[in-house]
Amino acid sequence: MLKINTISCLQDNYSYIIEDSTANTIGIIDPSEFQPIDNFIKKKFNKIDYVLNTHHHFDHTGGNLELKKKYNCKIVGSKSDEKRIPGIDIKLQDGDIFKFGSVEFKIILVPGHTSGHICFHSDKEKIIFTGDTLFSLGCGRVFEGTYSQMLKSLNVIKNLPVDTNIYCGHEYTKKNLNFCYKVDFNNHYLKEKIEWVDSKINKKEPTVPITIKEELNTNIFLRCDVPYIKKILGMENSSEVEIFKKLRDLRDSF
Ligand code: ZN
Ligand code: FE
């Protein structure tokens, strides 16, 4: 079984240190920066085997080269981003299996936020690292893809087993919650979540991981096909992707 440590980086990023103790394998998901990762690693394991990047953005790869230099680890990322991921060694495509010690991660290509964005999913561990594609109660901005690609990517994640735990790249939950609740104001799951999110934030604790099941009930970007959502937007006759675009645009200016 994997042990996961959540490390706060930069302003609101999360990097994750993953440990397979049976195989003595240590990895870092999306090292935003060197120092907070190194502080943890040098005290606890004093080694890193792999850095795993979900996408090329600086706030997810900023620690790559320094970590590689100090720990001689291998850098794992998307084949289609081989020119943009600093220090990449292992290049992965959609459907590939990446063996991390005794754990197998399936690579899911999720274009939209960036064209080469990938998620690392383990069926057995019931975990997925979603980077900037799916957040708790939100999703990433559409930078390099189309709205239709981004929606398709979110729907792939949405259809994973409902007890899958989502580990995302940012702590945006509070603002995302405010947005979801503003639009979807009758949703009692959202209402019930306000107190929990506030208490986590006040204690400076992460609001992740969250399960797909929770997100299906609350994350408006996973609910673009729900007739009620179409109705409150006054867009009963619109397609799922039109609803998604409308919500993403509203969220961009929220
Ligand atoms: Zn990003
Ligand atoms: Fe990011």
Quick check: anything in segment 38-56 under 22 Å from residue 173 (Cβ atoms) and within 17 Å of the chain's Cα centre (by Cα)?
yes
Residue check, residue 24 open to solvent by 40 Å² or more (accessible area, probe 1.4 Å) and modelled with pLDDT of 95 or more:
yes
Within segment 128-149, is even one residue of a type in the set (Phe, Trp, Tyr), closer than 21 Å to residue 88 by Cα and within 13 Å of ligand 2 (Cβ to nearest atom)?
yes
When segment 41-53 is examined, which residues are found to be exposed (fewer than 15 other Cβ atoms within 10 Å of the Cβ) and either closer than 18 Å to residue 129 by Cβ or of a type in the set (D, E, K, R) (or both)?
42, 43, 44, 47
Pair list, Cβ < 6 Å and 6+ apart or interchain, from segment 43-63 residues that are among the aromatic types (Phe, Trp, Tyr) to residues that are away from ligand 1 (no atom under 16 Å from the Cβ) and open to solvent by 30 Å² or more (accessible area, probe 1.4 Å):
50/74
List pairs: first residue in segment 115-131 and within 14 Å of residue 209 (Cα to Cα), second residue open to solvent by 10 Å² or more (accessible area, probe 1.4 Å) and within 16 Å of ligand 1 (Cβ to nearest atom) anywhere in the structure, Cβ distance under 6 angstrom, at least six positions apart or on different chains.
129/167
Options 105, 100: the member that is out of contact with any Asp or Glu (no Cβ under 6 Å at 6 or more places or on another chain), within 21 Å of residue 160 (Cβ to Cβ) and free of Cβ contacts under 8 Å to residues at least 60 places away in the same chain
105
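The values are calculated or read from the model by the stated rules, or taken from the named source; none is laboratory data. Computed from a predicted structure; not experimentally measured. All Cβ positions, glycine included, derive from the backbone under ideal geometry; neighbour counts span all protein chains shown. For the accessible areas, the whole protein counts, side chains as well, though only heavy atoms, and no ligand, DNA or RNA atoms are used. Shrake-Rupley method; radii C 1.70, N 1.55, O 1.52, S 1.80 Å.
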